[in-house]
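What follows is calculated from the coordinates using simple rules that are stated; it is not laboratory data. Keep in mind that what you see is a predicted model, and the values were worked out from it rather than measured. Note that we place each Cβ from the backbone using ideal geometry, even for glycine, and neighbour counts take in every protein chain shown.
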Amino acid sequence: MDGTLLDLHFDNHFWLEFLPQKLAQRDGISVEQAQEFVKQEYEKVHGTIHWYCLDFWADKLQMDIVEAKREVDHLIQMRDDTLPFLDALHATGREVVLVTNAHPGSLSLKVERTQLDSHIDTLISTHEFGVTKESQELWRQLQERLGFENEHTLFVDDSLHILEAAQEFGIAHLLAVRNPDSKQPTRDIDSFPAIDDYRYLLDDIRANPWR
């Protein structure tokens, strides 16, 4: 979701800038000290379910994370190319499923701001499984629940580690996003097919290339 359908700028700004500023103000330390503290804490749980868990961070930082996010929720934005992409998929009869590592509280806030749910058939937070998209166990549980066939499935993500996990599981069609954060430079990606605007894919989608 974040970086694929929504602009990752909101999350990067919140976790790397806004949250450290709030901590610095609350605890009477410099912003640089707060940034270093949260960086160390992030690194301890990176890639695990805790890294994405708002309850974990609320307890760790003694702060209502959802309410803090609401202070800057005007930054939550869909990518300009998201709706044309989703609408084109639906027009061909494909099922569109969102699988996100985002905590349900974060997912609810973003749906509230964007109405993204009205363009997607099924929304799933990996928190209900207790493992993330980096885990093979998550992919096994997803396949059991959704019944998708690897050879007929397209998976899109901005994380190369997550794409590698999907590749290991056998998902046939993988797509990386080169520009997840609109405020950051476009990335060079060689390990997977990559895109910086889904609208370039619309003709291929209509041609039904992966069924």
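Only bridges whose two residues both fall in the chain count here: according to DSSP, what percent of them are antiparallel, nearest 5?
10
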Open item on the list: Quick query: amide H of Leu6 versus all other amide H atoms, modeled in the peptide plane; which residues come in under 5 Å with a sequence gap of 5 or more or a different chain?
Closed with: Arg79
Task: For segment 100-108, 3J(HN,Hα) per residue [Karplus equation, 6.51 cos²θ - 1.76 cosθ + 1.60, θ = phi - 60°, Hz, x = Gly/Pro] - done: 10, 7, 4, 4, x, x, 5, 4, 4
Open item on the list: Based on alpha-carbon centroids, what's the gap between segment 76-93 and segment 1-34 in Å, whole number please?
Closed with: 28
Task: Dipole axis of the chain (+1 Lys, Arg; -1 Asp, Glu on Cβ), positive-most option in Gln141, Gln40, Leu107 - done: Leu107
Task: FRET efficiency, Arg145 to Ile29 (Cβ-Cβ, R0 45 Å, nearest 0.05) - done: 0.50
TODO: Kindly write out, for segment 22-30 in residue order, the coupling ³J(HN,Hα) from the Karplus curve 6.51 cos²θ - 1.76 cosθ + 1.60 (θ = phi - 60°), rounded to whole Hz, with x marking Gly and Pro.
DONE: 5, 5, 4, 5, 5, 9, x, 10, 6
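So what's the back-of-envelope 222 nm ellipticity for the chain, counting only DSSP H runs of four-plus at -39500 (n - 2.57) apiece and dividing by all residues, rounded to 500?
Working: 10 runs with 90 residues, N = 211.
My calculation for the chain gives -12000 deg cm²/dmol from helical runs alone.
Using a simple charge model, +1 on the beta-carbon of Lys and Arg, -1 on the beta-carbon of Asp and Glu, nothing else, what dipole does the chain show about its Cα centre, in debye to the nearest 20? Before the final figure, lay out the partial values.
Values: 20 positive and 39 negative charges, 37 e Å.
About 180 debye.
Arranged from highest to lowest average of other beta-carbon atoms within 10 Å per residue, in what order do the peptides 135-147, 155-167 appear?
155-167, 135-147
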TODO: Could you pull the Rg and Dmax for segment 103-178, using just the Cα atoms, both in Å?
DONE: 13.0, 34
Open item on the list: So if I restrict to the alpha-carbon atoms in segment 1-155, what is the Rg, and what is Dmax, the biggest pairwise distance, in Å?
Closed with: 17.0, 56
Open item on the list: Using only alpha-carbon positions, what ratio does the radius of gyration of segment 71-112 give when scaled by 2.2 N^0.38 Å?
Closed with: 1.39
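Percent relative contact order of the chain, based on C-alpha pairs within less than 8 angstrom and at least six residues apart? Working shown, then result.
Numbers: 272 pairs, mean separation 47.8, N = 211.
Reported as a whole number, the value is 23 percent.
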- [ ] Compute the distribution of all C-alpha to C-alpha distances in segment 9-74, in bins of 5 Å from 0, and list the percent of pairs in each, rounded to whole numbers.
- [x] 3, 17, 28, 31, 17, 3, 0
Open item on the list: Tell me the angle of helix 31-45 to the major Cα principal axis of the chain, expressed in degrees between 0 and 90 and rounded to the nearest ten.
Closed with: 50
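Using the Kirkwood formula over every pair of different C-alpha atoms, what hydrodynamic radius in Å results for segment 82-210?
Numbers: mean 1/r = 0.0641 Å⁻¹.
It is 15.6 Å.
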- [ ] Express the C-alpha Rg of segment 55-143 as a ratio against the empirical globular expectation 2.2 N^0.38 Å, rounded to two decimals.
- [x] 1.24
